[in-house]
Amino acid sequence: MKRLALVLALSAPLAALAGESGLVVFHGKCTRCHGADGRGKAIFNTPSMLTSKLSAADMELVIANGRAKMPAFKAQLSPDEIKAVATFIKTELKP
């Protein structure tokens, strides 16, 4: 938890300069259900993002419109933020 706080604290100034990054959006919107490492949480029965077969474009659609128990985020995130977080998940999260 302290590591997450440190990451967010260090990311905040960068986000202010460059807009919301995929990392900041991920930690702000996704970790509650999918975990800080993207592996999912058993309590919510959420899938691991690390093994997702979705393309980045398909992931953008799921983030925007929701799917199954996952809520839609198109009212909370801009299209650029949705693209940034999908790209972050596909390129930065590692098994």
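Listed values, structure above:
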item: Cross-chain or 6+ apart pairs with Cβ under 7 Å, the stretch 75-94 first and without any contact (Cβ under 8 Å) to a residue 60 or more places away in the chain, then of a type in the set (F, W, Y); result: I82/F73
item: Tally, over the stretch 45-57, of residues that are exposed (fewer than 13 other Cβ atoms within 10 Å of the Cβ) and not aliphatic (A, V, I, L, M); result: 4
item: Residue count for the stretch 5-40, restricted to those that are at pLDDT 90 or above and either exposed (fewer than 13 other Cβ atoms within 10 Å of the Cβ) or of a type in the set (K, R) (or both); result: 3
item: Looking only at the stretch 64-88, and only at residues there that are among the polar types (S, T, N, Q) and part of a helix (DSSP H, G or I), the one that is surrounded by the most Cβ atoms within 10 Å (Cβ to Cβ); result: T87
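The values are calculated or read from the model by the stated rules, or taken from the named source; none is laboratory data. Model, not experiment: these values are computed from the prediction. For neighbour counting, all protein chains shown are included, and Cβ atoms are generated from backbone atoms with ideal geometry for every residue, glycine included.
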